[in-house]
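A.B. asks: To start, I am sharing the structure in question, which I have written as structure tokens.
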Amino acid sequence: MIKVQRSPASILSWLLQQIFDNMLAAALLLLFSFMLLQYLPGNQVDALLTSDIGRAISSEDYANTTERLGLDRPVLHQFGDWLTGVLQGNLGYSMLHRAPVSEVLSDALPWTLTLVLLSLPISLLLGAFIGLLTGMHPQRKPSQLAFTLMTLLSSLPSFVVALLLLNLFAFTLGWFPTGGGAGLSARLSGKNELADLIWHGILPLTALCMHSCVRYFYLAYGLAQQIGQRAFIRYARQRGISGWQLLRHWYLPNAMPELLSRLSSSLPGMVGVTVFVEVVFSYPGVGSLMLDAIHNRDYLLLQGALLVTGLMVLTGNTLLDVITAGLTARG
């Protein structure tokens, strides 16, 4: 986060440093993704050739498959071959889905991206709005009640929030579907109507926003306390400015740069929470794919999902850093 120096040179230096850090993180992510298959129990050959109900595999078949997959080569050669394939878009073949991993992920990523891209601004605006209102008048009973509710919400894990919403609004009240991303008629026809998609996405999005807005609430609450001590706020109050006008024209413009600068640091946590929420609601995103891959020992799918998700986070962080630098340069 850019705090003190605001010259164009310092902003550019900060931005280049952030880009370099993200590139270094991407390189480490590639290395970790490759090593994941090296240290998981069993290997690709075990997952391909063995099962609980399958016939016994001969040592000759095992050796031939190992050689065909290149697993008998030195680790550095395996890493080079794998990295070359990744750069060409080849993430391997999913045994579970009987399709290339890249195709399976291309079907799941839009669902996850939709939840993340919608929840980021909603969580920011909701948390900032409630936090600023609470921080403007912390001694009032509505503010104390809001602070108590936010504290309670912050103590609940994301999957607990999702389960509570699922039980109340889906199972008990029956207002929303219990899972999935589209209705049966939409899946059979192959056409996902917008209303049906929204209906299935409301509860996952609500769970994600409820969990994520808490961090912005506490930040906005603290900023409101600081801003309220400044001379221009006291002057505005003396002029009779209060309520929504004071919030919109005085508190919010002074708090928003600090709030926006936290978006990049909150993105990894947002993606992690999305994975759990997708599992609870059986939402057809990357989170559900990861769970299925773990249950079925589809290691290549798990590896591809972790790699693509990590690169998505790093790319988002870089874009947000560029936006933050642009806003800072403009003052």
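A.B. asks: Which order do the peptides 23-36, 303-316, 279-292 take when ranked by the mean count of other beta-carbon atoms within 10 Å per residue, highest first? Before the final figure, lay out each step's value.
C.D. replies: Numbers: 23-36: 14.4, 303-316: 20.7, 279-292: 22.9.
Taking the mean over residues of other Cβ atoms within 10 Å, the ranking is 279-292, 303-316, 23-36.
A.B. asks: Along the charge dipole of the stretch 103-232, which of Leu205, Ala162, Ser143 sits closest to the positive end, that is, farthest toward it, with unit charges on the beta carbon of Lys, Arg, Asp and Glu (+1, +1, -1, -1)?
C.D. replies: Farthest towards the positive pole: Ser143.
A.B. asks: What ranking of His77, His295, His137 comes out by heavy-atom accessible area, probe 1.4 Å, highest first?
C.D. replies: Working: His77 95, His295 130, His137 45 Å².
Result, largest first: His295, His77, His137.
A.B. asks: From the phi angles alone, apply the Karplus equation (6.51, -1.76, 1.60; θ = phi - 60°) to the stretch 131-145 and give each ³J(HN,Hα) in whole Hz, x where the residue is Gly or Pro.
C.D. replies: x, 5, 4, 5, x, 5, 9, x, 8, 6, 4, x, 5, 5, 5
A.B. asks: Ignoring solvent entirely, what values of log10 I(q)/I(0) come out of the Debye formula for the stretch 111-281 at 0.15 Å⁻¹ when each Cα is a single scatterer?
C.D. replies: The calculated log intensity ratios at q = 0.15 Å⁻¹ are -0.87.
A.B. asks: Same structure, new question: Taking H placed 1.01 Å from N in the peptide plane, check which residues at least 5 places from Tyr283 or on another chain put their amide H under 5 Å from its amide H.
C.D. replies: Those lying under 5 Å, H to H, from Tyr283 are Gly180.
A.B. asks: How much solvent-accessible surface does Phe176 expose, in Å² to the nearest 10, with a 1.4 Å probe and all protein chains in place?
C.D. replies: 40 Å²
A.B. asks: OK, next. Leaving ligands and nucleic acids out of the surface, order Tyr251, Tyr235, Tyr299 by accessible area at 1.4 Å, largest first.
C.D. replies: Details: Tyr251 5, Tyr235 130, Tyr299 25 Å².
Descending accessible area places them as Tyr235, Tyr299, Tyr251.
A.B. asks: Would you please name the trypsin sites (Lys or Arg not before Pro) within the stretch 236-331 that are DSSP coil residues with at most 14 other C-beta atoms within 10 Å of their C-beta? Spell out each step's value before the answer.
C.D. replies: Numbers: sites: Arg237, Arg239, Arg248, Arg262, Arg297, Arg330; in loops: Arg239, Arg262, Arg297.
Qualifying residues, ordered by number: Arg239.
A.B. asks: Quick check for me: using +1 on Lys/Arg Cβ and -1 on Asp/Glu Cβ, what's the dipole size of the stretch 111-281 about its Cα centre, in debye to the nearest 20?
C.D. replies: Dipole of the stretch 111-281, to the nearest 20 debye: 780 debye.
A.B. asks: Would you mind checking which residues have amide H under 5 Å from Asn90's amide H? H placed 1.01 Å from N; only 5 or more apart, or other chain.
C.D. replies: So Asn90 has HN proximity to no qualifying residue.
A.B. asks: Here is a further query. Using only alpha carbon pairs under 8 Å that are at least six residues apart, calculate the relative contact order of the stretch 111-281 and give it in whole percent. List each step's numbers first, then the result.
C.D. replies: Values: 166 pairs, mean separation 66.8, N = 171.
The value is 39 percent.
A.B. asks: Could you derive backbone 3J(HN,Hα) for the stretch 84-98 from the dihedral phi with the Karplus parameters 6.51, -1.76 and 1.60 (θ = phi - 60°), listing whole Hz in sequence and x where the residue is Gly or Pro?
C.D. replies: 4, x, 4, 5, 8, x, 9, 9, x, 10, 8, 5, 5, 9, 6
A.B. asks: Give a residue-ordered list of calculated ³J(HN,Hα) values for the stretch 281-291 (Karplus: 6.51 cos²θ - 1.76 cosθ + 1.60, θ = phi - 60°; whole Hz; x for Gly, Pro).
C.D. replies: Per-residue couplings from phi come out as 8, 6, 6, x, x, 5, x, 5, 4, 4, 4 Hz.
A.B. asks: Separate question: May I ask you to give the solvent-accessible area per residue for the stretch 111-281, in square angstrom, as obtained with a 1.4 angstrom probe? Walk me through the numbers on the way to the answer.
C.D. replies: Numbers: 8980 Å² over 171 residues.
About 53 Å² of surface per residue is accessible.
A.B. asks: Would you mind telling me the share, in percent, of accessible area of the stretch 111-281 contributed by carbon and sulfur at probe 1.4 angstrom? Walk me through the intermediate numbers first.
C.D. replies: Numbers: 5940 of 8980 Å².
Carbon-and-sulfur percentage of accessible area, whole number: 66.
The values are calculated or read from the model by the stated rules, or taken from the named source; none is laboratory data. Since we're looking at a predicted model, the values are computed, not measured. Cβ sites come from the backbone with ideal geometry, for glycine too, and all protein chains shown count toward neighbours. The protein model used for the area step is the full one, side chains on, heavy atoms only, and it has no ligands, DNA or RNA in it. Shrake-Rupley method; radii C 1.70, N 1.55, O 1.52, S 1.80 Å.
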